[in-house]
1. Would you grab the residues whose amide H sits under 5 Å from the one on Arg458? Only those 5+ places off in sequence or on another chain, please, with H modelled 1.01 Å from N.
2. Once the cut-off is 19 Å, how many percent of the Cα-Cα pairs in segment 159-209 end up in the long-distance tail?
3. Which whole-Hz couplings ³J(HN,Hα) result when phi for each residue of segment 155-171 is put into the Karplus expression 6.51 cos²θ - 1.76 cosθ + 1.60, θ = phi - 60°, listed in order with x for Gly and Pro?
4. Which cross-chain or sequence-distant (5 or more) residues have an amide H under 5 Å from the amide H of Asp74, H modelled 1.01 Å from N in plane?
5. Apply the Karplus curve 6.51 cos²θ - 1.76 cosθ + 1.60, θ = phi - 60°, to the phi angles in segment 542-552 and return the couplings in whole Hz, x for Gly and Pro.
6. So what is log10(I(q)/I(0)) for segment 136-186 at q = 0.30, 0.32 1/Å, when the Debye sum runs over its Cα atoms only?
7. To make sure I understand the rule: partners must be lysines, Cα under 20 Å from the Cα of Lys200, and not fewer than 8 residues away in the same chain. Which ones qualify?
8. Quick one: Karplus J couplings for segment 293-309, per residue in order, coefficients 6.51, -1.76, 1.60, θ = phi - 60°, nearest Hz, x for Gly and Pro?
Amino acid sequence: MSQLSSGICRRLNEAPQEEIDQLASGHTVQLLSVKKVGPDIKLDHPHRQAMLATQLNDLVTTGEINKNTVVIIDKLACNFVQDKRLIIILDLHVVSRDEEKIGNPTAPPSTQDAPAPAARQPQARTGPSGRGGRSVYPIEGLSPYQNNWTIKARVTQKSDIRTWSNQRGEGKLFNVTLMDESGEIRGTGFNAVVDELYDKFEEGKVYYISKARVNLAKKKFSNLQNDYELSLEKNTEVEELRTIVLSGRIAEGSYLCLSLLDVIGVVKEVGPLSEITSKASNRTIPKRDLTIVDTSQYSVRLTLWGKQAEQYTADDLPVIAFKGVKVGDFGGRTLSMVSSSIMTISPDIEEAHLLRGWYDGIGTEKTFQSHTSSLSGTSFGGFNRNEMKHLSDVKESQLGMSDKAEFFSTRATIMHIKSESISYPACPTQGCNKKVVDVGDGWRCEKCDKTFERPEYRYIMSMAVADWSGQAWLQGFNEAGLVVFGKTADEVHDIKERNEAEYNTLMAQASGITFNFSCRAKQDTYNEQTRVRYGISKITPLDYREEAKHLVDLLKSSWAQ
């Protein structure tokens, strides 16, 4: 076991602020106790209390560190909270666990009431290491237990000013997304703060920010991976850095680790500016559709809203990186900017340069497929053999339990179809598909404000499917019914009306057949009960030739060697 760092707790307790940076790493200590304080973890090492940064909390919950664990502190910061010194551990690694208590440590003498000698007062510093005598904190090190902090961060997104009006009054707000080398955090300002700070923030610029309140994050309003957010206040200080450039990692952001919500592509087409009317507020909202493509030779439609739609002027088909865009699944796969989304045109990152070179070299000659509901094998919900899950895996991993829809692929056999009602009378107008009502002399569509002689029936199915691991109920619509029955919903409805026995035989014949399913898992609330519903995005019969080819390829792969 490593030797404990002699006297480090006393040194951390007595060192003036300007010397803390020299003591920020390389200390071997023993943890005497580990306690949870709200979302944070408080550590007590011989013998000095400290706070564990939020991103390290898993070390406690997984049992990696506990009472009497010996660790080496790789990075720490220090701040004063209500005149008390607070040590924040930002990074550490474990030396040994399950040790006996070493020695008889005692708490160092309190320095709370003793003013520091004048010669040791912190000196004002500027530049990367500090501002106004205060150390610059990483975003990942912020928590509600700190004050007198300063962060240095780039504004990667600034929202429009939004207003509201309800029984409690009227108001306005805006938010910004701030990023440094350690992570991201969302800042929000209300009412008078909007007038004070909104114009000070500009996307892409770097600022010193201090005197904001750190609160627990409201996850339903943000998709950032941070347990905290900033409440901007009247006395919040915002100072632009005009000569200091942050690390290039900030400019790159999270585009290097793409997910369903982070996308980078070449703009192939720019749609005209149009408008829609919001049903909720009856306001007219500008919108513009972009078509973006990449080396997969697929295209996807991405919608800009509000000022971004109005102010979009890039006509040279640039590479654009989008962070935090919403995935839609109506009529295929589409993307849409939301209030927290970030759009960076021609980012200076390797992926953007590679895409630019590919598109200018050979991409312009390629034919791109769109993510419509008739396509399979896409990363936005089409059948993906490499990501296929058993039904037990879907349930045990709790897919769909988060606020966002989650997609999965599975192979299962139809066991039962609820035959009581597998279709509904729909409006025959192309693209409408709304349910129509029998008004005696015809079928009325309220959306189209028209009456038709007869409706066009469309499937709306609920089926129990099973594989070797378990069973699940899947919900399918018209495309699923066409694949399962090989007939239109109109034809099946006519069979049911004409011959009940033939209809029952048709239902029985559909059972026992295996399909590849691409599904969407999402929470649904009905009658105050919340459950996860599995919707069918795509269903395809088994292609035995393709299955055989896959098995041959598997036998030739390193897996079988």
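1. Distant-sequence amide H within range of Arg458: Tyr424, Ala426.
2. Above the 19 Å cut-off, segment 159-209 has 33 percent of its Cα pairs.
3. Working through the residues one at a time gives 7, 9, 7, 10, 7, 5, 6, 10, 10, 9, 8, 8, 5, 8, x, 10, x Hz.
4. Gly26, Asp91, Leu92, His93
5. 5, 9, 5, 5, 5, 4, 5, 4, 4, 5, 5
6. -1.10, -1.18
7. Lys152, Lys158, Lys172, Lys211, Lys234, Lys307
8. 9, 8, 5, 6, 6, 10, 10, 8, 8, 10, 9, 9, 10, x, 5, 4, 5
Bear in mind these aren't lab numbers, they're just calculated from the coordinates by the rules spelled out. Everything numeric in this text was worked out from a predicted model, so none of it was measured.
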